[in-house]
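Student: Here it is, the structure in full.
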Amino acid sequence: MMVGPNDMRRCLITVTALAAAFAIGCSISDDVTGPVAAGAWGGVGISLVATEQSAQLEFDCALGEISEPLVLDAEGGFTLDGTFTPEHGGPIREDEVLESEPATYAGVIDGGQMTLTIHLLERGTISGPFALERDGSALLRKCL
């Protein structure tokens, strides 16, 4: 079978188009920077609800808050300051004030999966890592 100049040209155009599509697809999937879309994330012992301005967290026996948007860096991660509020077993009295403490929340998102670690600054302890799934259900065992 003979290959003519028109066949070679069509082949070159096809290869070039495929290479361009591949490069565009790779650049889109590699670019993970920017804000995390609003929505719920859940995992064992944790629930995170992100909005455009902040994130609310609920743990088995604590609450957390990040008062700024979750914005990812070039590696798909974030490190943000927030608060962590331990709860306790039994009801919370009407006049009771739960004491919050400063915390740093460090996370990495890969597709629909998030890994989150919390550094409690006053205690000097680290909690996690927690595995969360986008639109996943949280499995919380509230303290009694």
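The values are calculated or read from the model by the stated rules, or taken from the named source; none is laboratory data. Note that the structure is predicted; figures quoted are calculated from it, not measured. Neighbour counts are summed over all protein chains in view; Cβ atoms, including those assigned to glycine, are modelled from backbone coordinates with ideal geometry.
Student: With (1) exposed (fewer than 11 other Cβ atoms within 10 Å of the Cβ); (2) within 19 Å of residue 42 (Cα to Cα); (3) touching a strand residue (DSSP E or B) at 6+ places or on another chain (Cβ under 6 Å) as the list, and residue 141 as the residue in question, which single condition is left unmet?
Tutor: The one condition residue 141 does not meet is (3).
Student: All but one of (1) among the aliphatic types (A, V, I, L, M); (2) surrounded by 15 or more Cβ atoms within 10 Å (Cβ to Cβ); (3) farther than 17 Å from residue 131 by Cα; (4) within 14 Å of the chain's Cα centre (by Cα) hold for residue 71; state the number of the condition that does not hold.
Tutor: For residue 71, the exception is condition (2).
Student: Pick out the one residue from 82, 89, 34 that is at pLDDT 95 or above and not hydrophobic (A, V, I, L, M, F, W, C).
Tutor: On the way: 89 fails: at pLDDT 95 or above; 34 fails: at pLDDT 95 or above.
Sole residue among the options that is at pLDDT 95 or above and not hydrophobic (A, V, I, L, M, F, W, C): 82.
Student: Of all the residues that make up the stretch 33-54, how many are more than 14 Å from residue 137 (Cα to Cα) and touching a residue at least 40 places away in the same chain (Cβ under 8 Å)?
Tutor: 2
Student: Which members of the stretch 80-98 meet the condition of being surrounded by 10 or more Cβ atoms within 10 Å (Cβ to Cβ) and aliphatic (A, V, I, L, M)?
Tutor: Answer for the stretch 80-98, where residues must be surrounded by 10 or more Cβ atoms within 10 Å (Cβ to Cβ) and aliphatic (A, V, I, L, M): 80, 92, 98.
Student: So, one more: From the list 122, 87, 75, pick out the single residue that is over 20 Å from residue 140 (Cβ atoms), touching a strand residue (DSSP E or B) at 6+ places or on another chain (Cβ under 8 Å), charged (D, E, K, R) and in contact (Cβ under 8 Å) with a residue 40 or more places away in the chain.
Tutor: Every option except 75 fails the conditions.
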